[in-house]
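Q: Structure in structure tokens, see below.
No value in this document is a laboratory result; all are computed from the given coordinates. No experiment lies behind these values; they were computed from the predicted model shown.
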Amino acid sequence: MQSEVLLKTLPKVEKPRDIRVKINKKKNKVQLIIQDKVDARYNYIWSDAAGKPIYEWDEFNGEYVRPTGANNMLVLERTATGRKVYVQKVDKETTCKSDRTEVIFSYTVGT
């Protein structure tokens, strides 16, 4: 018995390319901001090298929380040496993900 099968190839999700790093020395924070055009269809997942999601510290409630909205910005505590994080762009309708973009930043605390 034969039957027809319809296959639909989903479009590739391009990985984020333009990521800006802002260091706030007074608050001891680092902001990673994706400069892509805002599109409600997409969201972003921030992770470490092992793929574990990175959440933001909510100072008001004193806990780590999942970012809300488009999630195109991540705020981290400044460390002594800097760090490496990854970000993926996700299509919320199809759940397709882009390749991971590596973001490396370093600095000297106290300067």
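Q: In whole Å, what is the distance between the alpha-carbon centres of region 90-106 and region 1-66?
A: What the calculation gives is 6 Å, centre to centre.
Q: On a straight-distance basis, which aspartates and glutamates could pair with LYS26 in a cross-link, Cα separation under 12 angstrom, same-chain partners fewer than 8 positions away excluded?
A: The reachable aspartates and glutamates, counting only those whose Cα sits under 12 Å from LYS26, are GLU77.
Q: Say the cut-off is 23 Å between C-alpha atoms; which of LYS8/LYS52; LYS8/LYS97; LYS29/LYS84 go over it? Working shown, then result.
A: Numbers: LYS8/LYS52 31 Å; LYS8/LYS97 17 Å; LYS29/LYS84 15 Å.
The answer is LYS8/LYS52.
Q: Normalised by the number of residues in the chain, what is the relative contact order in percent for Cα pairs under 8 Å and 6+ residues apart?
A: Details: 192 pairs, mean separation 32.8, N = 111.
Once normalised by length, the contact order is 30 percent.
Q: Here's another thing I want to ask about it. For GLN35 and LEU7, calculate 0.36 nm times their separation in residues minus their Cα-Cα distance, and state this gained length in nm to one decimal. Numbers along the way, then the final one.
A: On the way: separation 28, 0.36 × 28 = 10.08 nm, distance 3.37 nm.
Extra length available between GLN35 and LEU7 comes to 6.7 nm.
Q: Please list, or write none, the aspartates and glutamates whose alpha carbon is within less than 20 Å of the alpha carbon of LYS89, excluding same-chain residues fewer than 8 places away.
A: GLU14, ASP18, ASP36, ASP39, ASP48, GLU56, ASP99, GLU102
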